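Just so it is clear, none of the values below were taken in a lab; they were calculated from the coordinates. In this text the structure is predicted, and so the values were computed from the model without any measurement. Glycine gets a Cβ as well: all are built from the backbone with ideal geometry, and neighbour counts include every protein chain shown.
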Amino acid sequence: MLKSLDPRVNRLAIPDDFEAPMAAKEQLDQFETYQSFTQTKEGKPFEHAGTVHAPNEEMAFLFAKEQFSRRGTFCYALCVVKTELILVSEFTDNGQDVYDTFKGNYSGDTSQSFEVFHLLKRGKNHKHIGTVEAKNFEDALLASKETYPRDKPVFNVWIAKSEDILMSDEEDADIWNTLKEKKYRDAMDYKAADRIKAFKAEQG
Amino acid sequence: MYGGGNVFESMKATALAEEDPIKLAEFEARIDRGEKIEPSDWMPQLYRKQLIRMIEQHGHSEIIGALPEGTWITRAPGFKRKLALMAKVQDEVGHAQLLYSAAETLGKPREQQLEDLISGKSKYSNIFNYPAFTWADSCFISWLVDAGAIVNQIANSKGSYGPYCRALERICAEESFHLKYGHHCVIHLATGTKTQREMMQAAVNRWWAPMMHFFGPSDKISVHSEILMRWKVKMASNDECRQQFLDMYVPKIWELGLTIPDENLMKNEATGEWEFSEPDWEEFKRVINGDGPCNKERIAVRRMAEERGRWVRQALLAPKAKYVTPLA
């Protein structure tokens, strides 16, 4: 049995011959991916926070909450959407607005609602810019082109159907509150300058 | 937390000659302008490979690094220290998730990365192949190993790959708590009773050599290419990071009345550089290749978690689910 300093490892009772090759994993031993967006303050736009892997939307939301709201200052509201349900435009660079590459005219059809996210600087996060109504994803890009005046170039656009987004409920705002009590997670809570000073004084 | 001394893939001189020269020129021009590379941009194969390897090693280091510290959660002195250490370990595992996702955007699925860690194909930061004997070892890790990692991560966060930069930005923000917490722990031991001071000093003595190894071999003997610097994959050399670490932390260790077990360690005031005994790079190589005190245990624990968690993953499998690469 593998001997460790760690009592938890000893309790695992890992046999010595544990190095035999592991059985191959099944193809689907890999969860779907979801994109998470957080709002850091009331009224501020949602911003892309990152990816979580989860077996379904509800668990994706929980994982995203653990991952992206561990500190009270980081999160006011949260939403997740399955990656495969997001339309991603081409990327542009060097001051070229990606909207210039979209040809055609917006249909004016308002049958579905879409959320639009813009990348305003390469390397930064996509930001939620607003909601448009259109007949499909391509049409939503054109609607967005018409709706939002741009003084700065946009390098990439993400579009998701509003109905595909799982959003935290305002009524459940309490779920973020407990974090404020967790001061021990903040660097601010670890002041020890006085202790060093006293120690130095004592040493002469 | 993660050190330098990345194990980069050996590079063939012909690797670049096979790339499309026009696309390569555009790619390099974008980096020269200071614009980040995003996942669906064209990139040279070499850039993709080295980045996957670097980000993946970083992710594995977060996971494996949580093991020696996790050991001490139940035995940390007092409720507050337990809470803080638990929060820190949770952060580290969260960092691994962020990093695995960043590496996934380059085309290597997370499951594949986890498998390569368990099979020993991928490396992780060598320092975690050493055991944490006492609570003071855990304090040393929280303060100084994290400090070393921050030196590295801040350099890397100015690199050229967008998803890695975004992950590092988030990670660095959380690391500031780790650093302060770790420093707080060390201060309390070093300014405490005689027994506490001795315990802290013993930890410094044990961890100093692995800490010097942490930044990787000296630039004189390390084989990393100028091209990785030009493409902003590697942002600072191993020696630069080591110097910066010594500059920031040796005075802070000394002011606590602790000594560092290297009689040649001193700052050369004329050059502004720290001088020290040459670390034992043979030992570094031996440990990184599997023959350290904890290599076997670290991998076995990861693998056990994977095997024993199989039924949970099975229970959650959705037959129609489709894996899609993360976007950013």
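Spin-label pair A:VAL88-B:SER40: with each label point 7 Å from Cα along the Cα-Cβ axis, the two points sit 0.6 nm from one another. Counting only other chain Cβ atoms within 10 Å of each residue's Cβ, the peptide B:167-178 averages 3. Assign one of three labels to the stretch B:83-184, namely rounded, prolate or oblate, based on the Cα gyration tensor with a ≥ b ≥ c the square roots of its eigenvalues; rounded applies when a/c is under 1.5, prolate when it is not and a/b is larger than b/c, and oblate otherwise. Oblate is the answer for the stretch B:83-184, as a/c is 1.5 or above yet b/c matches or exceeds a/b. Anisotropy class assigned to the stretch A:30-170 is prolate, per the alpha carbon gyration tensor with a/c at or over the 1.5 cut-off and a/b larger than b/c.
With 10 angstrom as the radius, rank A:ARG195, A:ARG11, A:ARG122 by how many other C-beta atoms surround their C-beta, starting from the fewest. Don't skip to the end; give the middle numbers.
Numbers: A:ARG195 16, A:ARG11 9, A:ARG122 22.
Ascending Cβ contact count within 10 Å gives the list A:ARG11, A:ARG195, A:ARG122.
Each of A:LYS191, B:LYS88 was scored by other Cβ atoms within 10 Å of its Cβ. Listed from fewest to most, they are A:LYS191, B:LYS88.
For the cross-link pairs A:LYS200/B:LYS88; A:LYS44/B:LYS158; A:LYS183/B:LYS180; B:LYS49/B:LYS108, which exceed 21 Å when the distance is taken from alpha carbon to alpha carbon?
Those over the limit are A:LYS200/B:LYS88; A:LYS44/B:LYS158.
Below 8 Å between Cα atoms, with a sequence gap of 6+, how large is the relative contact order for the stretch B:21-316 in percent? Mind dumping the intermediate values first?
Values: 324 pairs, mean separation 60.2, N = 296.
Dividing the mean separation by the residue count of the stretch B:21-316 yields 20 percent.
A Gaussian network model of chain B, with springs between Cα atoms under 10 Å, assigns the largest mean-square fluctuation among B:SER125, B:SER40, B:SER237 to B:SER40. In whole angstrom, how far apart do the alpha carbon centroids of the stretch A:132-171 and the stretch B:111-136 sit? Between the Cα centres of the stretch A:132-171 and the stretch B:111-136 lies a distance of 42 Å. Mean-square fluctuations from a GNM of chain A, with a 10 angstrom spring cutoff on Cα atoms, peak among A:SER168, A:SER111, A:SER89 at A:SER111. Rounded, prolate or oblate: pick one for the stretch B:16-117, where a ≥ b ≥ c are the square roots of the eigenvalues of its C-alpha gyration tensor, a/c under 1.5 means rounded, and failing that, prolate if a/b is larger than b/c, else oblate. Cα axes put the stretch B:16-117 in the prolate bin. Annotation: Cα Rg of the stretch A:64-115 relative to the compact-globule expectation 2.2 N^0.38 Å equals 1.71. If you run the Gaussian network model on chain A, springs between alpha carbon atoms under 10 Å, then out of A:TYR190, A:TYR76, A:TYR106 the most flexible one is A:TYR190.
Its relative contact order, with pairs defined as Cα atoms under 8 Å and 6+ residues apart, puts the stretch A:95-136 at 41 percent. For a paramagnetic label modelled on A:THR110 (point 7 Å from Cα along Cα→Cβ), amide N atoms under 12 Å away belong, within the stretch A:133-147, to A:133-134. FRET efficiency for the A:LEU120 to B:LYS320 pair, using the beta carbon distance and R₀ = 30 Å, is estimated at 0.25. Under the criterion of Cα pairs below 8 Å and six or more residues apart, the relative contact order for the stretch A:30-170 equals 27 percent.
With the simple spin-label model, which puts each label point 7 Å out from Cα in the Cβ direction, the B:VAL312 to A:ASP151 separation comes to 5.0 nm.
Computed over the Cα atoms of the protein assembly as shown, the ratio of the radius of gyration to the Kirkwood radius (Rg/Rh) comes to 0.98.
Direction-averaged shadow area of the convex hull around the Cα atoms of the stretch B:21-316, nm²? Can you show the working numbers first?
Values: hull surface 68.9 nm².
About 17.2 nm², averaged over all directions.
Between A:ALA198 and B:GLU26, the distance separating the two model label sites (each 7 Å from Cα on the Cα→Cβ line) works out to 6.5 nm. Extension gain, B:ARG230 to B:ASP116: 0.36 nm times the residue separation minus the Cα-Cα distance gives 38.2 nm.
Show that you can apply the helix-only estimate: for chain B, add -39,500 (n - 2.57) for every DSSP H stretch of four or more residues, divide by all residues, and state [θ] at 222 nm to the nearest 500. Don't skip to the answer; put the middle values down first.
Numbers: 13 runs with 191 residues, N = 328.
Rounded to the nearest 500, it is -19000 deg cm²/dmol.
Of the DSSP H helices in chain B, those that are both long (alpha-carbon extent of 24 Å or more along the helix axis) and hydrophobic (Kyte-Doolittle mean at least -0.5) are B:45-70, B:79-104, B:162-190. Taking the number of Cβ atoms within 10 Å of each Cβ as an exposure proxy, the fewest-first ranking of B:LEU46, B:LEU144 is B:LEU46, B:LEU144.
Taking R0 as 22 Å, what's the FRET efficiency between A:ASN56 and A:MET167 from their Cβ-Cβ distance, rounded to 0.05? Write out the running numbers ahead of the final one.
Details: r = 16 Å, r/R0 = 0.72.
It comes out at approximately 0.90.
Just so you know, the Rg over Rh for the stretch B:182-328 is 1.10, from Cα atoms, with Rh as the Kirkwood radius.
The helix-based estimate of mean residue ellipticity at 222 nm for chain A, built from -39,500 (n - 2.57) per DSSP H run of four or more residues and divided by its residue count, is -6000 deg cm²/dmol to the nearest 500. The loop-placed trypsin sites (Lys or Arg not before Pro) in the stretch B:94-150, going by DSSP, that have at most 13 neighbouring Cβ atoms within 10 Å of their Cβ come out as B:LYS121. Considering only A:ILE129, A:MET188, A:PHE155, the residue lying farthest towards the positive end of the dipole of the stretch A:128-204 is A:MET188, judged by Cα position with unit charges set on Cβ.
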